[in-house]
Amino acid sequence: MTLNSYIGTSHTKEVLFQIFLHGVVFLFFTFDKYEPEIQGFKVVGFLNYAIGAFIINYILLPRFFYKKRYWYFLSYVVIVVTVNIAIEELVLEQIFYPDTRAMHFPGVIYSLLDVMPVILILVGFKFAWDASKKQLEVEELRTSVKESELLFLKSQINPHFLFNNLNNLYSYAIEQSPKTPSIILELSSVLRYMLYDCKEEYVAIRKEMEHLRNFTQLNEMQIEERGKVSFQTPQITDGYRIAPLILSVFIENAFKHSTGSQSENIFIDVNISLNDKGVLNFECRNSFLAVTNTANLSKGIGLQNVQKRLELLYPKSHRLFIQKANNVYYVHLKLQLTETHK
């Protein structure tokens, strides 16, 4: 729906609502069980009140109240109500009741009690309508901002992975390693997933697991004989979906910490499980040595990015625990997945 069509639909709904509201209030205002016939004075009197409410609703509220110019708003409301009372006392009663009600002024309080109920009802419903519409606009804006932020965060991920793995590929190519073709195939598989399968907000959990396995094998080539990499995950069907490229950030971080600080005795252990209620448990342990370069590694955009995405996509359905102790970096993520729509 375009902005113009949305505004047009909202305006039409408001007009219909106001017609219905005025009709209901008019019936209550003019109803008298002792005199069932609608009196001309009450019809014209209601029009007088309705005009005053219209001025408040569509002139004073947007020009003064919503712009927080409250004293101007209050002053003009007093003027409008005073004019309504004056019209009723000096004009309408002189026409309809020249020999009775028009002979004396009942007082300000009585006149306010006569005028204000109708005006308050009409103005109150208009204010509630505007507040409801404003709340809807705020929710739509929040959704739009959330979607834009997620797109921005995801756009950071692909170059992040690509640059790191191209550096690895370049190193093997310089050394004319026989593993270069295998690295190219693994990198191609990973990039294909990121470029084509990750366009949706959520992907099938099985595809994400396949990507993680390929991604781990790609990075495992960096270690060669310097350590051991373990990747364990059960056979997973497509019953659940997950936001793509979240878990791979933790795996990439494990390889960076281990290979960046150690030349031997490296270990990286990734264990993923999924229970029958759709709760995913991701655990990743890796060795590291507390040297200067690992301090810089932990401050990259990857970890900050994934934490922000978790807050946006799983605000109340995830628990992330990260610990560094005894030269072991440990990540435990518990995530409630969404079911695949049938």
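The values are calculated or read from the model by the stated rules, or taken from the named source; none is laboratory data. Keep in mind that this is a model prediction, so the values were computed, not measured. With ideal geometry, Cβ positions are generated from the backbone for all residues, glycine too; neighbour counts draw on all protein chains shown.
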### Query
Of the numbered conditions (1) more than 19 Å from Leu247 (Cβ to Cβ); (2) within 28 Å of the chain's Cα centre (by Cα); (3) of a type in the set (D, E, K, R), Lys199 satisfies every one except a single condition; which is it?
(1)
### Query
If you take the residues in the range 282-312 that are under 13 Å from Val331 (Cα atoms) and either among the aromatic types (Phe, Trp, Tyr) or modelled with pLDDT of 80 or more (or both), which one is surrounded by the fewest Cβ atoms within 10 Å (Cβ to Cβ)?
Gln307
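Residues checked against (1) part of a loop (DSSP other than H, G, I, E, B); (2) among the polar types (S, T, N, Q); (3) within 30 Å of Ser132 (Cβ to Cβ); (4) out of contact with any His (no Cβ under 8 Å at 6 or more places or on another chain):
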{"position": "Val24", "(1), (2), (3), (4)": "no, no, yes, yes"}
{"position": "Phe28", "(1), (2), (3), (4)": "no, no, yes, yes"}
{"position": "Asn57", "(1), (2), (3), (4)": "no, yes, yes, yes"}
{"position": "Tyr76", "(1), (2), (3), (4)": "no, no, yes, yes"}
{"position": "Leu92", "(1), (2), (3), (4)": "no, no, no, yes"}
{"position": "Leu113", "(1), (2), (3), (4)": "no, no, yes, yes"}
### Task
Considering every residue within the range 100-108, establish whether at least one is surrounded by fewer than 18 Cβ atoms within 10 Å (Cβ to Cβ) and either within 22 Å of Glu14 (Cβ to Cβ) or touching a residue at least 24 places away in the same chain (Cβ under 8 Å) (or both).
no
